[in-house]
Amino acid sequence: MTHKTVVAACLFAALNICTLSARAEADVSPHTYTYGTHLDIQKVLSMTEDNAVNCGIIDARMTYLDSAGKTQVLDYRKFADGCNNQN
């Protein structure tokens with residue numbers, strides 16, 4: 001095997017691993033938070049929310065890893081950040 005062949009094989013393997021992890025993350029179905037839901041959050045990967053200018057309740061989503069290293073998605077409702085400046 002030449003040096004170029006080994007490098008190409010390593011690059012191909014790395015791309016396959018990235019593709020598999022992206023596909024696995026896309027297959028995760030979101031769960032909706034309800035009062036009393038047990039949360040097993042090891043590491044938060046991302047948090048998104050609806051854009052709201054005014055104060056009110058908005059939809060939000062958190063993507064995280066649980067203690068087993070599995071990606072989880074949680075949908076929940078929260079007060080908009082615009083509510084922070086109001087009494």
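The values are calculated or read from the model by the stated rules, or taken from the named source; none is laboratory data. Remember, it's a predicted structure, so these values are computed and weren't measured experimentally. Glycine also receives a Cβ, built like all others from the backbone with ideal geometry; neighbour counts cover every protein chain displayed.
Of note:
- Every test in (1) of a type in the set (Val, Ile, Thr); (2) modelled with pLDDT under 85; (3) assigned to a loop (DSSP other than H, G, I, E, B) is passed by residue 37 save one, and that test is (2).
- Among the residues here, residue 28 qualifies as at pLDDT 80 or above, in a loop (DSSP other than H, G, I, E, B) and surrounded by 10 or more Cβ atoms within 10 Å (Cβ to Cβ).
- Residue check for residue 60: in contact with a Ser or Thr (Cβ under 9 Å, 6 or more places away or on another chain), at pLDDT below 90 and among the aliphatic types (A, V, I, L, M): no
- Residue tally, condition aliphatic (A, V, I, L, M), surrounded by 13 or more Cβ atoms within 10 Å (Cβ to Cβ) and part of a loop (DSSP other than H, G, I, E, B), over segment 46-67: 1
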